[in-house]
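Single-structure report; data block below.
The values are calculated or read from the model by the stated rules, or taken from the named source; none is laboratory data. All figures in this text were calculated on a predicted structure; none of them were measured in a lab. Cβ atoms come from the backbone with ideal geometry, glycine included; neighbour counts cover every protein chain shown. Surface areas here come from the heavy atoms of the whole protein model, side chains and all, with no ligands, DNA or RNA. Shrake-Rupley method; radii C 1.70, N 1.55, O 1.52, S 1.80 Å.
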Amino acid sequence: MRKRDFVQPTAEEIESREKMYEEAERLGIDLMSFDGKNENDAASRDIRKAIVYLGTGKSVPKDLEERILKRKTVAK
């Protein structure tokens, strides 16, 4: 079996990931199980775009955020 070397993330990386998960949760996006099967095409595209922004440490644009939150409130 091949030996794997695991790298311990830095405190900054951990903090960045925590922020990403908090923002995803606020938007109603589950990063651990997103597959898009339960969404229509526009909703899936918006969620994928938001995940890219969050994953690269960028803020989700306001218009995209508003569309996602609007769908979240309508779904309740």
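Annotations
- Of the criteria (1) at pLDDT 95 or above; (2) open to solvent by 90 Å² or more (accessible area, probe 1.4 Å), which one residue 61 fails: (2)
- Tabulated pairs, the stretch 1-18, first over 22 Å from residue 54 (Cα atoms), second acidic (Asp, Glu) and open to solvent by less than 100 Å² (accessible area, probe 1.4 Å), C-beta under 9 angstrom, 6+ apart or interchain: none
- Flag if residue 25 is acidic (Asp, Glu), open to solvent by less than 90 Å² (accessible area, probe 1.4 Å), at pLDDT 90 or above and not in a loop (DSSP other than H, G, I, E, B): no
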